[in-house]
1. When you scan region 33-68, how many residues do you find that are without any contact (Cβ under 8 Å) to a residue 24 or more places away in the chain and β-branched (V, I, T)?
2. May I ask you to verify whether S8 is surrounded by 20 or more Cβ atoms within 10 Å (Cβ to Cβ) and either closer than 22 Å to S118 by Cα or touching an Asp or Glu at 6+ places or on another chain (Cβ under 9 Å) (or both)?
3. Can you tell me which residue within region 71-104, out of those that are of a type in the set (K, R) and not in a strand (DSSP E or B), is nearest to L32 (Cα to Cα)?
4. Which of the residues belonging to region 9-49 are in contact with a Gly (Cβ under 7 Å, 6 or more places away or on another chain), more than 13 Å from L77 (Cβ to Cβ) and assigned to a loop (DSSP other than H, G, I, E, B)?
5. Of a type outside the set (K, R), under 11 Å from the mean Cα position of the chain (by Cα) and crowded, with 19+ Cβ neighbours inside 10 Å: which single residue out of A18, A27 fits that description?
6. Determine which single condition E97 fails, assuming it passes every other condition in (1) acidic (D, E); (2) closer than 22 Å to T4 by Cβ; (3) touching a residue at least 60 places away in the same chain (Cβ under 8 Å).
Amino acid sequence: MWITLLKSKIHRAAVTGASVDYEGSLAISSDLAERVNLLPYERILVSNMNNGNRFETYVIYGPRGKGVIELNGAAALLGAIGDRLTLMSFAQVEESEVLRHKPSIVVVDEQNQMVRVS
C-alpha cells in the first residue's frame with residue numbers, strides 16, 4: 001500500500017509579485033525550491049494564510065537568492081503582494097517506509113530568507 005505524505009514545505013512565504021497575464025504557475029526563488037526538493041513543474045498545494053484560499057498550481061524557478069514568490073495566471077487572483085503562503089508538495093511513500101520518511105521544511109522571514117530548516 002502507498003501512503004501520501006508531505007514531501008516539501010515552504011512556510012510563511014511572502015508574495016512578492018503577481019501577474020494575471022502569465023500562463024500560470026508560481027515562481028519560487030530557485031534556492032528556496034531546491035532546499036526543499038521542489039522541482040520545476042512539480043504540482044504544489046498553496047494555502048494563503050491571509051484570506052484562506054487554497055489552490056493547486058506548479059513550480060517554476062525564479063532568480064536565485066532574490067526571495068521571489070510570484071503568483072501567476074489565475075493564481076494571481078487568489079492572493080496579493082505581502083500575503084503569507086504555505087507551499088506544499090506530497091509524495092507517495094510505501095507503507096513500510098512511512099516511519100522513516102522526513103519531509104523537507106523551510107520557514108522563511110518577511111523577505112523570504114530561510115530562518116529555520118528541517
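1. Qualifying residue count, region 33-68: 0.
2. yes
3. Taking the candidates together, the pick is K102.
4. Matches in region 9-49: T16, E23.
5. A27
6. The single condition E97 does not satisfy is (3).
Read-outs: derived from the displayed coordinates by stated rules, not from any lab. Because the structure is predicted, anything quoted here is derived from the model rather than measured. Using ideal geometry, Cβ is built from the backbone for each residue, glycine included, and neighbour counts are taken over all protein chains shown.
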